[in-house]
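Data block below; observations after.
The values are calculated or read from the model by the stated rules, or taken from the named source; none is laboratory data. Source: prediction; values computed, not measured. As a convention, Cβ positions derive from the backbone with ideal geometry for all residues, glycine included, and neighbour counts pool all protein chains shown.
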């Protein structure tokens, strides 16, 4: 029988297992030890620190790293983009465009074709602010448009009020005749009411069989390119109208009661109209019938 108070037998030692030794507590100083023991890696760090101190290097705090030094941001600094990226801005031409000025001048005086041509060219040359004068070109085109509208309106009014003509071109009724539609052989009134150097737009016309003040007997064109001035026009008109009257009617040329009157172009209309209209006119009373057929009053 077993003894209940007896100790259990000690098991035999394992021949293949090394005796277990409890690990030491790191950082703990055991009684009887002369030097504090540390784990190998801590011991190694302490030895390295001691060596640095002996070499004159101050001890760095554990875990501290030097602050890296950084240069300026990568890449150069660029300013804001210019107004003309990738190309040079157009160079501005000094002064005012001459064609723009010419367009305005011809637009004012009624030179419609030249005003339109110069105005269109000037608009192209003054585009994008390359040269001053764009406003003048526009004004010239506007003036030309006003002239066109006025001439169209005048033509419409004249077509309504103009007297009728027969197949031979002779007037068959009374009416206001445009100064641009007067023809040789037309008989007119209202000549004595026209003052010198005044503009004539139209004149009352009648059949030559009715009493009238004058009769158109010649027209001719002045050949000078530039405006000859009023004195130059009068000199040519006096000479040529006087000679034309003798050709039209010799008896009218010799009649002391018949003189002549003429219509001439205004300076502002010179580019379009250079015609002189010669009109035989009774100095007193009226004429009846055509001077081409008779000279009586």
Positions within segment 237-258 being crowded, with 18+ Cβ neighbours inside 10 Å and part of a helix (DSSP H, G or I), in sequence order: 237, 241, 244, 245, 248, 252, 253
For residues that are crowded, with 17+ Cβ neighbours inside 10 Å and more than 17 Å from residue 290 (Cα to Cα), scanning just segment 192-218, find the one that is modelled with the lowest pLDDT. 202
Within segment 264-280, tally of residues that are in a strand (DSSP E or B) and buried (at least 19 other Cβ atoms within 10 Å of the Cβ): 5
